[in-house]
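Asker: Before I ask anything, here is the structure I am working with.
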2 protein chains.
Amino acid sequence: MKKLIESVPNFSEGRRKEVVEEIIKVSEETQNVWIFDWSMDEDHNRSVVTIVGDPQAVAEAIFKMSKKAVELIDLRHHTGEHPRMGAVDVIPFVPIKGTTMEECIDISKSVGKRIGEELNVPVYLYERSATKHSRENLADIRKGEFEGFFDKIKSPDWVPDFGPKAVHPTAGVVAVGAREYLIAFNVNLGTKDIKIAENIAKSVRNSSGGYRFIKAIGVDLKEKGVVQVSMNMTNYKKSPLYRVFETIKSEAERYGVPVVGSEIIGMMPMDVMIQTCNFYLRIDNFSGDKVIENKLLDKLSES
Amino acid sequence: MKKLIESVPNFSEGRRKEVVEEIIKVSEETQNVWIFDWSMDEDHNRSVVTIVGDPQAVAEAIFKMSKKAVELIDLRHHTGEHPRMGAVDVIPFVPIKGTTMEECIDISKSVGKRIGEELNVPVYLYERSATKHSRENLADIRKGEFEGFFDKIKSPDWVPDFGPKAVHPTAGVVAVGAREYLIAFNVNLGTKDIKIAENIAKSVRNSSGGYRFIKAIGVDLKEKGVVQVSMNMTNYKKSPLYRVFETIKSEAERYGVPVVGSEIIGMMPMDVMIQTCNFYLRIDNFSGDKVIENKLLDKLSES
């Protein structure tokens, strides 16, 4: 696999396990894609699937899964805590290895076009694929949800990017787009003073003047007797993990507080490790080509 | 691939390309092994092959390649600068991912047994597989080379670990063993004073009181206008790369000299990056399972 992308489609079904399994099963018809994870939430009545593989193969598998979801999910009878507007509600494409944001934008558009034309579901391009600023934010698109879209779609502001200009009667509408990989990264500080975690969170987060692609809050981990700077990193390429970590360490020093640990929630691309090794070890000639496991992945796609 | 090992067999043929290609070709009969690299040296009259894959598959491929080498290479007519004692001269097995040194020792013994019994070539277990201290060092085993072994093998000290007690008339004898992955790592210092590189090399190398598994020398890179601490790391698990780097940085500071860069020669296992990220980012829950590319390798071996 010289090229890898990820997609994390959300489906509006979190109670009938057999339906979610049937949707996932159609991905097996496509080679060179792998389901990394999937989960169902009964209260949200929603499921989230993580699929990784060759870019074109992921695009094909996502189309097939969407087709199955449109067949099996009827939003007229759907209730749940999570806002939703479609049977397949949102489809992000994420570059992981050997692929650019531009390639993921292209893929989101070609999949969006097929969903619009072949499944008759209106498609809104969002985030990095958005055709207007007002469509970048998923929450803005989803406002009004399935029920509200029958009116909303008539507004000139909400003409779909692909597909019919009328809501699909049972499957609603869908948002398709490209975005960077999200990393959840937490740093623990050796103090019980939550004010310190809150101040440091402010120093690194975009909203308070910190790094552009960092969201951060202070959290009190009472059981552990420490406080935590808890972060969402929305673009690790431009606001790198090691740099944010170093800033937190430096700010903590000002209070005489040590950084006692950190944790990655979920997974991350190997690129994050390459960035980190490059920075700390000052390596001149380093890239994924130097890593045996990565070269093996490339070899596997040749054979 | 949940488990990976590497083997780097050396064959005593570096002039007839078709012979080396024929030896490499038999590895293709085995699934789940990949030739990462191979090179021939005319002056040494020797070739080196790097093969990576599932442990049992690598063992099988190495046996087949050895069989082919015994068929095609006749040491009675072999000349070259590099010392040698067998058609297949030395076979190291190296743990890369999800495997222990003990597993590689076991593999070296089972492959050694087959080579001894099925190919009638005497086998000496070396390095971590050695049955006596006097057989740990490859150079000690190889002393006397092919021509000298017809006498050497008669000594009670040099009874082979496997196979006949007589040298194979055309294929000689072979050393088989397990060892850790070797990393070649160089650190550049922003000065032209070679004395400083030499002093720092002394501070980190085992022979002068430094880290147990580090060999180091000072090198003058005149063209670049810097000096270098050039290292061979024979066990990155016990003398980790980041720790040696930090020591070099700290020693260089004493001279007011900056570390201006570093380089990895060849490849390295992802474990080295995991160690590095763990140390610098103080990560509590980090392992290869957190890395998408690594999880994909595991998925590929399931399917």
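Asker: Give the longest segment of chain B that steers clear of GluC sites (Glu not before Pro) in DSSP loops with at most 15 neighbouring Cβ atoms within 10 Å, not counting the sites themselves.
Answerer: By the stated rule (loop sites, at most 15 other Cβ atoms within 10 Å), B:82-222.
Asker: Set Lys and Arg Cβ to +1 and Asp and Glu Cβ to -1, take the dipole of segment B:71-159 about its Cα centre, and tell me which of B:N120, B:T99, B:G86 lies farthest positive.
Answerer: Of the options given, the answer is B:T99.
Asker: Summarise the partner chain shielding of B:30-36 as one whole number: the mean count of Cβ atoms from other chains within 10 Å of each residue's Cβ.
Answerer: 2
Asker: Report, as an integer, the average count of C-beta atoms from other chains found within 10 Å of each Cβ along B:51-60.
Answerer: Mean shielding by partner chains, rounded to a whole number: 1.
Asker: Other chains near A:236-246: what is the mean number of their Cβ atoms within 10 Å of each residue's Cβ?
Answerer: Across the residues of A:236-246, the mean count of other-chain Cβ atoms within 10 Å is 1.
Asker: Compute the Rg to Rh ratio over segment B:183-268 from the alpha carbon atoms, using the Kirkwood formula for Rh, and round to two decimal places.
Answerer: We get a ratio of 0.94 for segment B:183-268.
Asker: Over segment A:4-178, with every protein chain in place, what whole percent of the accessible area is carbon and sulfur at 1.4 Å, could you tell me?
Answerer: 47
Asker: Collect residues whose amide H, placed 1.01 Å from N in the peptide plane, falls under 5 Å from the amide H of B:N137; neighbours closer than 5 in sequence don't count.
Answerer: Residues meeting the amide H criterion: B:E127.
Asker: OK, next. Report the gain in length on full extension from B:D106 to B:E18: 0.36 nm times residue separation, minus Cα-Cα distance, nm rounded to one decimal.
Answerer: That pair, B:D106 and B:E18, stretches by 28.4 nm at full extension.
Asker: Starting at 0 and stepping by 10 Å, how many percent of the alpha carbon pairs of segment A:40-119 end up in each bin?
Answerer: 16, 47, 30, 8, 0
Asker: Could you compute the net charge surrounding A:Q31? Neighbours are other residues with a C-beta less than 10 Å from the C-beta of A:Q31; K and R count +1, D and E count -1.
Answerer: Surrounding charge for A:Q31 is -4.
Asker: Enumerate the lysines that A:K195 could reach by cross-link, defined here as Cα to Cα under 27 Å, with residues fewer than 8 away along the same chain left out.
Answerer: Excluding near neighbours in sequence, the set is A:K215, A:K222, A:K224, A:K249.
Asker: Which trypsin sites (Lys or Arg not before Pro) does segment A:77-139 hold that lie in a coil by DSSP with at most 14 other beta carbons within 10 Å?
Answerer: A:K132
Asker: Now a separate question. Specify the inter-centroid distance of segment B:267-295 and segment A:162-176, based on alpha-carbon positions, in whole Å.
Answerer: Answer, in whole Å: 43.
Asker: Rounded to the nearest Å, what's the spacing between the alpha carbon centres of segment A:122-159 and segment B:53-95? Just the number, please.
Answerer: About 65 Å separates the Cα centre of segment A:122-159 from the one of segment B:53-95.
Asker: Whose amide H sits under 5 Å from the amide H of B:D37, counting only residues 5 or more places off or on another chain, with H placed in the peptide plane?
Answerer: B:T50
Asker: Each residue of segment A:127-139 in order: what ³J(HN,Hα) in whole Hz does its phi give by Karplus 6.51 cos²θ - 1.76 cosθ + 1.60, θ = phi - 60°, with x for Gly and Pro?
Answerer: 6, 5, 8, 4, 8, 9, 4, 5, 10, 5, 8, 4, 4
Asker: What value, in deg cm²/dmol to 500, does the helix sum -39500 (n - 2.57) over DSSP H runs of n ≥ 4 give at 222 nm once divided by the residues of chain A?
Answerer: My calculation for chain A gives -11000 deg cm²/dmol from helical runs alone.
Asker: In segment B:4-178, if every C-alpha pair distance is counted and binned at 5 Å from zero, what percent goes to each bin?
Answerer: 2, 10, 20, 23, 22, 15, 7, 2, 0
Asker: Still on this model: Taking a 21 Å limit on the Cα-Cα distance, which of the listed pairs A:K132/A:K165; A:K25/B:K2; A:K113/A:K165; A:K2/A:K237; B:K97/B:K295 fall beyond it?
Answerer: A:K25/B:K2, as the Cα separations exceed 21 Å there.
Asker: Now a separate question. First select every other residue whose beta carbon is under 13 angstrom from the beta carbon of A:S301; then total the charges, Lys and Arg +1, Asp and Glu -1.
Answerer: +1
Asker: What is the Cα radius of gyration of the protein assembly as shown over 2.2 N^0.38 Å, N being its residue count?
Answerer: 1.17
Asker: Sort shortest first the distances from A:S301 to its counterpart in every other copy, using label points 7 Å along the Cα-to-beta-carbon line, and give them in nm.
Answerer: 2.1
Asker: Continuing with the same structure: Rg and Dmax of chain A, using alpha carbons, in Å: what are they?
Answerer: Final numbers for Rg and Dmax: 21.1, 61 Å.
Asker: Within the set of other residues whose C-beta is less than 14 Å from the C-beta of B:I183, count the net charge using Lys and Arg as +1 and Asp and Glu as -1.
Answerer: Value of the local net charge: +2.
Asker: Then there is this: Pull up the DSSP beta bridges for the protein assembly as shown and report the antiparallel fraction as a percent, rounded to 5.
Answerer: 80
The values are calculated or read from the model by the stated rules, or taken from the named source; none is laboratory data. Since we're looking at a predicted model, the values are computed, not measured. Quick reminder, even Gly has a Cβ in these numbers, built from the backbone with ideal geometry, and neighbours come from all protein chains shown. With ligands, DNA and RNA removed, areas are computed over all heavy atoms of the protein, side chains included. Shrake-Rupley method; radii C 1.70, N 1.55, O 1.52, S 1.80 Å.
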